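As structure tokens, the structure follows; a few thoughts come after it.
All of the numbers you see were taken from the coordinates with simple rules; none came from a lab. Keep in mind it's a predicted model, so treat the numbers as computed, not measured. Glycine also receives a Cβ, built like all others from the backbone with ideal geometry; neighbour counts cover every protein chain displayed.
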């Protein structure tokens, strides 16, 4: 606020000097020989005018300084009460060019915008979570009622179906818990040194039957790399990315998995031969509950959000690019 107060004090000093010059001029006139009573009256009027001018200037300056601060205070109070749509107009007058005042107003407005965005996300997430929970719960309740009433037979196929929906609910709750812990900075990792290439091979092998059924070929190009990581969490990350690649790769397509290390940086790349994505989709694909427009793929839209949370907890970064030859390239990097 230094430059702001320099302007204020400069203005005050200017008015004081003006008052002093007026009084000095009036006193000079009054002291001239033969000035008489008229000079005394003139001096009195000059004194009153100078005092009135100084008071007016002081009041104007006080209001100019206080007005934007009062607006900031009112806006902060409304924000505290949940009125996130509030915005402060730019300051005018003497303070219109004061960088400090403009910065405070801009900061408060940016805070209000961020809070408004977060509130919209919170409401949208709550509605989406309710919808995602409702579908499997509705199926479970309906089929359990059918078993109770004797409409359905409790054979192995029926029990397997019920178990599938129960696991779907379990996975949804686990993903939500992981994201909540990440938001709170409490996502703990059980770190250990492991051979990352072997972990990738194990994950690829677990999906080989599914890939074979879809006639999708998975190719690997893995350097021997040791890394300190949470094995279970990293396997979850690899499983989610490979699952995503298999979902969007057409029959007869291929998925490539690469592992390399250079300059102390570990890099994992997973490429598919699917339809790829637009730049807008690439910017949103790691957001919670995001699904590409028009897609009918299964899932709750949480898998990639969980991937980002886990990789960030490891101190790494994750991203996606559209391949020039088609498909998507997901990459993970960390040191």
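Quote the FRET efficiency, to the nearest 0.05, computed for residue 317 versus residue 166 with a Förster distance R0 of 41 Å and r equal to the Cβ-Cβ distance. Don't jump to the answer; show the numbers that get you there.
Numbers: r = 35 Å, r/R0 = 0.85.
So the FRET efficiency works out to roughly 0.75.
Can you give the FRET efficiency for residue 235 and residue 69, using 1/(1 + (r/R0)^6), R0 = 56 Å, r = Cβ-Cβ distance, to the nearest 0.05? Could you put the intermediate results ahead of the total?
Values: r = 55 Å, r/R0 = 0.98.
According to the calculation, E is roughly 0.55.
At 0.36 nm per residue, and after removing the present C-alpha to C-alpha distance, how many nm does the segment from residue 76 to residue 149 gain when stretched out fully? Don't skip to the answer; put the middle values down first.
On the way: separation 73, 0.36 × 73 = 26.28 nm, distance 5.87 nm.
Result for the pair: 20.4 nm of gain on full extension.
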Distance-filtered residues of region 162-195 - backbone nitrogen under 13 Å, label point 7 angstrom along residue 139 Cα→Cβ: 162-172
Projected label distance in nm at residue 110 and residue 335, using a 7 Å step from Cα toward the beta-carbon: 2.6
In nm, spacing of pseudo-spin labels at residue 290 and residue 212 (7 Å Cα→C-beta vector): 3.5
Distance between modelled label sites at residue 191 and residue 103, nm, 7 Å Cα→Cβ extension: 3.6
